[in-house]
Amino acid sequence: MNLCEELDSDVPWDKVVLVGNPGVGKSTIFQRFKTGLFVREEELTHHDKAGQEHRKVWEVGDEEVSITLFDTAGVERFTQTIPPTYYRRAKVVLLVYSMDNNDSFQAISNNWLDNYASCCDDKSLTVLVGNKCDLKHRWEELDEFVPRRRALTLAGNREIGLDMVFEISALTGKGFQEMFDGVAVRMKELMDPKPPPSGQENLSSQTIQKSGCRC
Ligand SMILES: Nc1nc2c(ncn2[C@@H]2O[C@H](COP(=O)(O)OP(=O)(O)OP(=O)(O)O)[C@@H](O)[C@H]2O)c(=O)[nH]1
Ligand SMILES: [Mg+2]
């Protein structure tokens with residue numbers, strides 16, 4: 001077994017990673033996935049902040065899909081990057097921005113999208129996640145807010161399926177189930193692809209073919 005294969009054997013086949021600027025809510029999303037609850041920042045232990053993974057069988061309809069979700073250890077706070085090993089062989093990349101923070105949205109196209117492209121699985125799924133949608137009702141009083149149409153435009157420009165654009169709140173749980181349902185269904189398709197009806201393109205399919213290194 002060469003070094004690459006050896007490293008690969010440690011990577012869960014159902015790997016889903018959370019990526020995005022500091023403070024967008026990655027750890028809060030992770031905690032809701034793990035516990036089903038909103039966990040306040042003050043309640044996070046050192047262990048929680050050290051980067052974690054958690055496996056869960058997600059039920060959608062009568063299907064069961066295994067998901068191992070990864071959270072960063074927060075190095076992006078200091079370096080604006082996440083080490084390639086974090087993305088290694090990921091099946092799904094959840095690109096998270098905070099809906100009340102334009103910079104975090106800009107960083108998706110200026111930084112994160114190009115950061116991981118060559119490092120995850122050959123076929124990986126990119127998902128755009130606008131977190132903190134609970135702040136939407138305060139839109140008028142907030143200095144900035146990222147409207148859904150901007151996320152849809154970005155998705156269109158970067159070959160991300162429009163059905164993989166979600167707005168959620170890790171605080172209230174709004175949109176959370178729908179997002180993981182959508183991801184789970186698509187993961188199932190990735191693992192068990194069905195051919196499109198003859199003569200038809202599978203328009204909903206937005207698997208991005210990656211090339212180059214498998215870091
Ligand atoms: N209003 C609101 N606040 C949220 C939501 N999700 C997270 N937060 C808050 O946003 C702050 C940052 O959340 P984290 O989960 O620590 O963000 P992170 O992306 O893990 O940040 P780093 O680990 O520093 O990269 C915390 O105070 C959270 O409680 C949400 O959906 N709505
Ligand atoms: Mg965090």
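The values are calculated or read from the model by the stated rules, or taken from the named source; none is laboratory data. Predicted model only: the values in this text are computed from it and were never measured. When we count neighbours, we look across all protein chains shown, and the Cβ atoms used for this are built from the backbone with ideal geometry, even at glycine.
Identify the residue in segment 62-81 that is part of a loop (DSSP other than H, G, I, E, B) and not polar (S, T, N, Q) and, among all such residues, is nearest to Asp48 (Cα to Cα). Steps first, please.
First pass over segment 62-81, keeping only residues part of a loop (DSSP other than H, G, I, E, B): 62, 72-75, 80-81.
Checking which are not polar (S, T, N, Q) leaves us with 62, 73-75.
Details: Asp62: 32, Ala73: 8, Gly74: 10, Val75: 14 Å.
By that ranking, first place goes to Ala73.
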Hits in segment 34-77 (condition: farther than 20 Å from Thr172 by Cα, of a type in the set (Lys, Arg), without any contact (Cβ under 8 Å) to a residue 40 or more places away in the chain and within 16 Å of ligand 2 (Cβ to nearest atom)): Lys49
Return yes when Phe105 is within 14 Å of ligand 1 (Cβ to nearest atom), crowded, with 21+ Cβ neighbours inside 10 Å and not acidic (Asp, Glu) and no when it is not. yes
Could you tell me whether segment 175-185 includes any residue that is over 16 Å from Ala90 (Cβ atoms) and either at pLDDT below 90 or among the acidic types (Asp, Glu) (or both)? yes
Which number in (1) touching a residue at least 24 places away in the same chain (Cβ under 8 Å); (2) closer than 28 Å to Asp62 by Cβ; (3) within 16 Å of ligand 1 (Cβ to nearest atom) marks the one condition that Leu190 misses? (3)
In segment 162-180, how many residues are away from ligand 2 (no atom under 16 Å from the Cβ) and more than 13 Å from the chain's Cα centre (by Cα)? 9
Spot the failing condition for Gln200; the list is (1) more than 27 Å from Thr28 (Cα to Cα); (2) modelled with pLDDT of 80 or more, and only one is missed. (2)
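The rows are residues; the columns are (1) outside any helix (DSSP H, G or I); (2) at pLDDT below 95; (3) of a type in the set (A, V, I, L, M, F, W, C).
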residue: Ser109; (1), (2), (3): no, yes, no
residue: Trp112; (1), (2), (3): no, yes, yes
residue: Asn115; (1), (2), (3): no, yes, no
residue: Leu135; (1), (2), (3): no, yes, yes
residue: Phe145; (1), (2), (3): yes, yes, yes
residue: Thr153; (1), (2), (3): no, no, no
residue: Gly156; (1), (2), (3): no, no, no
residue: Ile160; (1), (2), (3): yes, yes, yes
residue: Gly173; (1), (2), (3): yes, no, no
May I ask you to say which residue of Asp134, Asp163, Asp114, Asp143 is within 16 Å of ligand 1 (Cβ to nearest atom) and more than 20 Å from Ser27 (Cα to Cα)? Asp143
Output for segment 7-33, where each listed residue is more than 11 Å from ligand 2 (Cβ to nearest atom), touching a His at 6+ places or on another chain (Cβ under 8 Å) and within 24 Å of Asn102 (Cα to Cα): none
